[in-house]
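S.K.: I have a structure I would like to understand better, so I am pasting it below and will then ask my questions one at a time.
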Amino acid sequence: MKAPVDKMYPIVLALVLACGLDRASARPPILGVVQGDNVNIRARAEASSEVVTQLSFGDELIIKGLDGDWLEIAPPAGAKLWVHVDYLHENQVKVQSLNVRAGASLNYSVVGVLNRGDRVERLGEKGLWVQVKANEKMSLYISKGFVSIKALPKPKPVVPVPAPPSPVPPRVIKVVPVPPVQVTPKVVSPVRAVKPVAPASKAVPRPKDLDLVPLAGQGQLARRQGIVHSYLLKGKAPSRFYLSIETLSGEERVCYLKDDSGRLRDLSGQRIFCTGRDYWVQGQKLPVMVVESLRRASGVGH
């Protein structure tokens with residue numbers, strides 16, 4: 001990595017403040033040029049923060065703001081950002097807020113937040129994590145000493161528009177009536193009856209005892225494995241059972257389990273494989289899986 005261009009900082013600061021890095025501004029974006037090789041792009045404005053990607057001398061970036069000795073920038077094309085797969089329905093966020101992280105684990109820093117209904121572009125997958133394309137809601141950081149401001153383009157001169165020429169009076173064209181053409185009607189053979197199309201499969205009935213969120217895709221078929229837990233039913237909790245998985249930072253709840261057959265009572269603390277349909281309920285951060293089939297993972301306990 002080349003030595004930091006500290007002498008560029010006064011120019012960077014003056015231009016950034018003069019242009020006003022207000023995200024609501026209609027001004028064109030402030031562009032920066034990287035002044036070093038293999039310059040680290042980090043998840044937070046700290047030298048100890050994880051490195052998300054690197055840029056080279058001459059690479060351009062969009063500056064969003066200042067944070068001490070760091071510039072907040074829009075993530076470059078090479079940045080790999082991740083979200084958990086359980087909080088997506090196809091390519092749409094299905095929870096109230098979803099953290100975007102700098103790596104495929106809960107241990108990585110949050111670099112942005114998506115809201116319910118936001119769409120994502122999938123770039124890859126790694127276990128339970130999905131790599132997504134960055135957008136304006138996500139930010140990364142670069143040390144300000146490695147960036148110079150690219151000069152803003154000069155406004156183009158306004159060219160006066162010439163006045164339109166005076167209108168020319170239209171020519172009067174005499175229309176000669178044409179006698180109608182006699183058309184002999186064509187005899188068409190009777191059309192055969194078309195076989196009716198089989199009706200589409202019926203929609204999945206929604207549980208009547210759940211206060212569902214008005215979200216497209218309710219009742220999506222899901223398959224999961226994890227450990228069953230039971231707890232004392234309180235407030236508006238939709239079920240007294242939930243399913244958890246083990247992550248690097250500990251146990252993480254993934255969904256509630258609803259099964260009216262009573263099979264879950266004997267499986268508390270056990271690892272199971274289950275299939276069912278996911279429903280999102282008002283006031284809950286996790287989906288409710290209405291269990292259709294389940295089995296215990298043989299020889300595996302809590």
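S.K.: Looking at region 271-280, is at least one residue out of contact with any helix residue (DSSP H, G or I) (no Cβ under 9 Å at 6 or more places or on another chain) and either modelled with pLDDT under 90 or in a loop (DSSP other than H, G, I, E, B) (or both)? Break it down stepwise before answering.
M.R.: From region 271-280, those out of contact with any helix residue (DSSP H, G or I) (no Cβ under 9 Å at 6 or more places or on another chain) are 271, 273-280; that's our starting set.
Applying the additional criterion that residues be either modelled with pLDDT under 90 or in a loop (DSSP other than H, G, I, E, B) (or both) yields 280.
The answer is yes, given that some residue of region 271-280 is out of contact with any helix residue (DSSP H, G or I) (no Cβ under 9 Å at 6 or more places or on another chain) and either modelled with pLDDT under 90 or in a loop (DSSP other than H, G, I, E, B) (or both).
S.K.: If only one of Lys150, Lys137, Lys126 is under 25 Å from Leu286 (Cα atoms), surrounded by fewer than 17 Cβ atoms within 10 Å (Cβ to Cβ) and at pLDDT below 90, which one is it?
M.R.: Result of the check over Lys150, Lys137, Lys126: Lys137.
S.K.: Follow-up. I'm trying to understand the selection: among the residues of region 112-123, which are crowded, with 19+ Cβ neighbours inside 10 Å and within 9 Å of the chain's Cα centre (by Cα)?
M.R.: Start the filter on region 112-123 by keeping residues that are crowded, with 19+ Cβ neighbours inside 10 Å, which leaves 112, 114, 120.
Leu114, Val120 - these are the residues of region 112-123 that are crowded, with 19+ Cβ neighbours inside 10 Å and within 9 Å of the chain's Cα centre (by Cα).
S.K.: For Pro4, which of the numbered conditions (1) in a loop (DSSP other than H, G, I, E, B); (2) modelled with pLDDT of 90 or more; (3) closer than 12 Å to Ser143 by Cα fails to hold?
M.R.: Here Pro4 clears every test but (2).
S.K.: Looking at region 231-253, can you tell me whether even one residue there is touching a helix residue (DSSP H, G or I) at 6+ places or on another chain (Cβ under 9 Å), of a type in the set (Lys, Arg) and at pLDDT below 90?
M.R.: Yes, region 231-253 has at least one match.
S.K.: Now for a separate question. Can you say whether Val291 is at pLDDT 85 or above, part of a strand (DSSP E or B) and either touching a helix residue (DSSP H, G or I) at 6+ places or on another chain (Cβ under 9 Å) or β-branched (Val, Ile, Thr) (or both), as far as the supplied structure shows?
M.R.: Numbers: at pLDDT 85 or above: yes; part of a strand (DSSP E or B): yes; either touching a helix residue (DSSP H, G or I) at 6+ places or on another chain (Cβ under 9 Å) or β-branched (Val, Ile, Thr) (or both): yes.
Yes, satisfied.
S.K.: Select the strands (runs of 3 or more DSSP E) contained entirely in region 73-148, then report the ones holding at least 1 residues which are among the β-branched types (Val, Ile, Thr). Walk me through it before giving the result.
M.R.: Working: elements: 81-84, 97-101, 110-115, 122-126, 129-132, 140-143.
It comes to 81-84, 97-101, 110-115, 129-132, 140-143.
S.K.: Quick test for you: out of Val111, Val132, Val95, pick the one residue that is within 26 Å of Gln282 (Cβ to Cβ) and not polar (S, T, N, Q). Give the derivation first.
M.R.: Details: Val111 fails: within 26 Å of Gln282 (Cβ to Cβ); Val132 fails: within 26 Å of Gln282 (Cβ to Cβ).
When all the criteria are applied, what remains is Val95.
S.K.: Still on this structure: If you scan region 206-236, which residues turn out to be of a type in the set (Val, Ile, Thr) and not assigned by TED's automatic domain parsing to the domain that holds Arg263? Explain how you work it out, then say what you get.
M.R.: Keep residues of region 206-236 that are of a type in the set (Val, Ile, Thr), which gives 213, 227-228.
Listed by number, the list holds a single entry, Val213.
S.K.: Taking the options Ala104, Ala74, name whichever one is under 13 Å from Glu50 (Cβ atoms), aliphatic (A, V, I, L, M) and touching a strand residue (DSSP E or B) at 6+ places or on another chain (Cβ under 8 Å).
M.R.: Working: Ala74 fails: under 13 Å from Glu50 (Cβ atoms).
That would be Ala104, the only listed residue that is under 13 Å from Glu50 (Cβ atoms), aliphatic (A, V, I, L, M) and touching a strand residue (DSSP E or B) at 6+ places or on another chain (Cβ under 8 Å).
The values are calculated or read from the model by the stated rules, or taken from the named source; none is laboratory data. What you see is a predicted model; the values in this text were computed from it and never measured. Note that each Cβ is placed from the backbone with ideal geometry, even for glycine, and that neighbours are counted across all protein chains shown.
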